[in-house]
Amino acid sequence: MWWVLFNKPSECITNPDGDVKCGVKDVMTNAGLGTNLPEIVIMNASGGIAKTNGSLRLAAALYKTCGSNLDLGDPAGVGPYTWGGPSSLYTGSSQGWCPADGEMTEIHIVTRDHGRKTDDKLFQLTRFTDPSCSQHGGPNLCVDNGSIGFPALSENIVMTKYMSHFDAFPPGCADGTNSTCTADQEAVQLSAGNPVTLILTGDTAQVVAEITIPKV
């Protein structure tokens, strides 16, 4: 599970007039251009191994901080522990939960499937792309499979929303001649109805996600 923070949501283009202004379009557009106008941070939140019925509860806490020393490094050469997503969004620009002047951070939660459990469980639970992933020549498909966004809020609040598939992999994306994803990518996507609760208290954010992983 990953925090996806948009510290300057006024620069988002996904849904600029909505309560939730930002989304995957902003991530991919800025990554492609080598920019980071919405001050996006993709930061490790939590990890877990699903039960045999696919159920998994994930919880994480985050504290406001503005600093460039949040990286634990990359000793295994498979990506940093702390950051995720395209490298252009964390190389020299990620400062944690650090709202831009006059703005409030828009908090999103993204889940990522790392396939079957391997002997390198620590890597699977903490890295955006671990050695078991096909991107590193491993046997597992590693792909985002769920996302939910919360509006930028400053007051203390408890809010529950329901997570489903990752935006880039909607139902039916593998169908037909104009498919935009593979059958495997679609098969691991979360179905509707997975509750995610965000708790904001002062400078602390907590999230609890209760999801069911498809059996593939």
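Each Lys and Arg Cβ is given +1 and each Asp and Glu Cβ -1; about its Cα centre, the chain then shows a dipole of about 620 debye. Between the listed residues Ile40, Gly79, Trp97, the Cα displaced farthest toward the positive end of the dipole of the stretch 8-109, a dipole computed from Cβ unit charges relative to the Cα centre, is found at Gly79. The relative contact order of the chain, computed from alpha carbon pairs under 8 Å that lie at least 6 residues apart in sequence, is 22 percent. Normalising the average separation of contacting C-alpha pairs (under 8 angstrom, six or more residues apart) by the number of residues puts the relative contact order of the stretch 100-216 at 22 percent. Note that the stretch 185-192 has calculated 3J(HN,Hα) couplings of 4, 5, 5, 8, 5, 5, 7, 5 Hz, one per residue in order, obtained from phi through the Karplus relation 6.51 cos²θ - 1.76 cosθ + 1.60 (θ = phi - 60°); glycine and proline are x. Cα gyration tensor of the stretch 65-189, axes a ≥ b ≥ c as square roots of the eigenvalues: rounded (a/c below 1.5), prolate (a/b > b/c) or oblate? Cα axes put the stretch 65-189 in the oblate bin. The string of couplings for the stretch 156-171 from the Karplus curve (6.51, -1.76, 1.60, θ = phi - 60°) is 5, 7, 10, 9, 10, 10, 10, 8, 9, 4, 5, 4, 6, 10, x, x Hz, one whole number per residue in order, with x for Gly and Pro. Taking the C-alpha atoms only, the angle from helix 24-33 to the longest principal axis of the chain is near 80 degrees. For the stretch 174-200 versus the stretch 13-76, the spacing of their alpha-carbon centroids is 17 Å. When the helices of the chain are scored as -39500 (n - 2.57) per DSSP H run of n ≥ 4 and the total is divided over every residue, the value at 222 nm lands at -2500 deg cm²/dmol. Bridging of Lys21 to aspartates and glutamates at a Cα separation below 17 Å is possible for Glu11, Glu39, Glu103, Glu106, Asp167, once same-chain residues fewer than 8 apart are set aside. Taking amide H as placed 1.01 Å from N in the peptide plane, the amide H of Ser164 sits under 5 Å from that of Ser147, each at least 5 places away or on another chain. Partner lysines whose Cα lies under 23 Å from the Cα of Lys121, excluding those fewer than 8 positions away in the same chain, are identified as Lys51, Lys215. Each of Ile109, Asn145, Ile213 was scored by the projection of its Cα onto the charge dipole of the chain, and the greatest displacement toward the positive side belongs to Ile213; charges sit on the C-beta of Lys, Arg, Asp and Glu. Just check the stretch 162-206 against the gyration tensor rule for me: Cα atoms, a ≥ b ≥ c as the square roots of the eigenvalues, rounded for a/c under 1.5, and otherwise prolate or oblate depending on whether a/b exceeds b/c. Prolate, because a/c is 1.5 or more and a/b exceeds b/c.
Cα gyration tensor of the stretch 133-185, axes a ≥ b ≥ c as square roots of the eigenvalues: rounded (a/c below 1.5), prolate (a/b > b/c) or oblate? In terms of gyration-tensor shape, oblate. Phi angles of the stretch 207-215 translate, via the Karplus equation with coefficients 6.51, -1.76, 1.60 and θ = phi - 60°, into HN-Hα couplings of 9, 10, 10, 10, 10, 10, 7, x, 8 Hz per residue; Gly and Pro are given as x.
Coordinate-derived values only; no laboratory data. From a predicted model like this one, the values you see are computed outputs, not experimental measurements. Neighbour counts run over all protein chains shown; Cβ positions are idealised from the backbone, glycine included.
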